[in-house]
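Comments concern the structure below.
The values are calculated or read from the model by the stated rules, or taken from the named source; none is laboratory data. What you see is a predicted model, and the numbers here were worked out from it, not measured in a lab. Because the Cβ atoms are built from the backbone with ideal geometry, glycine has one as well, and the counts that use them run over all protein chains shown.
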Amino acid sequence: MSFDTLPKNELTLTEAVEYLKHYGYFEDIIAHIKELTVVDVYKMIKSKKLRDKKFREAIARFQDFFNITKDGEFGHETMRAMSRPRCGRPDIIPAGAEAAGQCKWPHLDVTYAFELSLSGVTDDQTTQAFIEACELWNAVCGLRLKRIESLGSANIWAKSRRIDGRGGTLAWSFLPCGASSRTQLEQRYDTGENWSIRFLTEVICHEVGHAIGLNHHNGNSIMHPTATGQWPVPQAVDIRNVVSRYGEPEPTPEPPEPEPPTPEPPQEGWPEIQGTISIDGKPHRIVPDIKLGGL
Ligand SMILES: [Zn+2]
């Protein structure tokens, strides 16, 4: 398909260039990509020289990541994949600590705080979703993510803000590359979305995955850049990645066995005797608290 004959109301070439640039698909394909604007890249691609090569190469890389037909064409399938609501972080990371999977917190007790006001969910549901998402990570690695009230002192702090309205970018988060115990990482969740509690929990779990060091993953992973509902909790690859950073979760202590009842200590001396005895043919009742041994 030619760029000039794209159907209306679908992704434009400029939007595709913006997408590929923002999510890292031109890394190592166009030199010094970070220093170029989207307009610069657009102009380069529109020139005959790059149009058939670098753009197609970046499109093929995107198709490969999203597991769709890898033909380098900017066609309907590719446009559909680019139109899916997704995380705002890049998919392709330039070489460095982040790409090498070395981003992590230096300590296991990591605090988080949030102030989120989102459409479609109540504040209580949002709180429930955030805590549940963090507990999903606590359950599979040695980290102890703990909620605190103050955004000003939490290691991970999240706020809601309008990012781009419905669809497009849902949320984003920083990674803890080179973090210290005093580092504070920011996250943002889009007020323009219509959230449900299940969808929100999945997206928070994904963003917290970034905040504890994980990059995007294009397989069966909570770290897939689009929230599809297919992998709403940490998957095998995610668990391996966090365990390699923070170790296995601490075993949950077994609840203590109930103590067996303490047996009564044997009484010394004569046993207590109750009943009646007959003396000289007359019955006499034995008073219970008088022990024969004491007579
Ligand atoms: Zn992400």
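All of (1) in a loop (DSSP other than H, G, I, E, B); (2) more than 16 Å from the ligand (Cβ to nearest atom); (3) buried (at least 16 other Cβ atoms within 10 Å of the Cβ) hold for A95 with one exception: (3).
Report those strands (runs of 3 or more DSSP E) wholly inside segment 136-203 carrying at least 2 residues which are of a type in the set (A, V, I, L, M).
Numbers: elements: 144-147, 156-161, 169-173, 185-190.
Qualifying strands (runs of 3 or more DSSP E): 156-161, 169-173.
Residues of segment 208-252 that are hydroxyl-bearing (S, T, Y), away from the ligand (no atom under 16 Å from the Cβ) and surrounded by fewer than 20 Cβ atoms within 10 Å (Cβ to Cβ): S244, T252.
Selection of segment 109-145 for residues being exposed (fewer than 14 other Cβ atoms within 10 Å of the Cβ), in contact with a strand residue (DSSP E or B) (Cβ under 7 Å, 6 or more places away or on another chain) and either under 23 Å from W195 (Cβ atoms) or of a type outside the set (D, E) (or both) yields E115, S117.
Screening S181 on (1) under 21 Å from Y246 (Cβ atoms); (2) surrounded by 15 or more Cβ atoms within 10 Å (Cβ to Cβ) shows it passes everything except condition (2).
If only residues of segment 207-228 that are polar (S, T, N, Q) and out of contact with any strand residue (DSSP E or B) (no Cβ under 8 Å at 6 or more places or on another chain) are counted, the one that is modelled with the lowest pLDDT is T228. The requirement of being under 21 Å from N155 (Cα atoms), modelled with pLDDT of 95 or more and within 12 Å of the ligand (Cβ to nearest atom) is satisfied by I204.
Can you report the number of residues in segment 161-188 which are more than 23 Å from A81 (Cβ to Cβ) and either within 16 Å of the ligand (Cβ to nearest atom) or among the hydroxyl-bearing types (S, T, Y) (or both)? Break it down into steps so the answer makes sense when it comes.
From segment 161-188, those more than 23 Å from A81 (Cβ to Cβ) are 161-162, 174-188; that's our starting set.
Those still in the list that are either within 16 Å of the ligand (Cβ to nearest atom) or among the hydroxyl-bearing types (S, T, Y) (or both) too: 174-177, 180-181, 183, 185-188.
Residues that pass the stated criteria total 11.
Scanning segment 161-178 for residues that are loosely packed, with under 13 Cβ neighbours inside 10 Å and touching a Pro at 6+ places or on another chain (Cβ under 9 Å) yields a single hit, R166.
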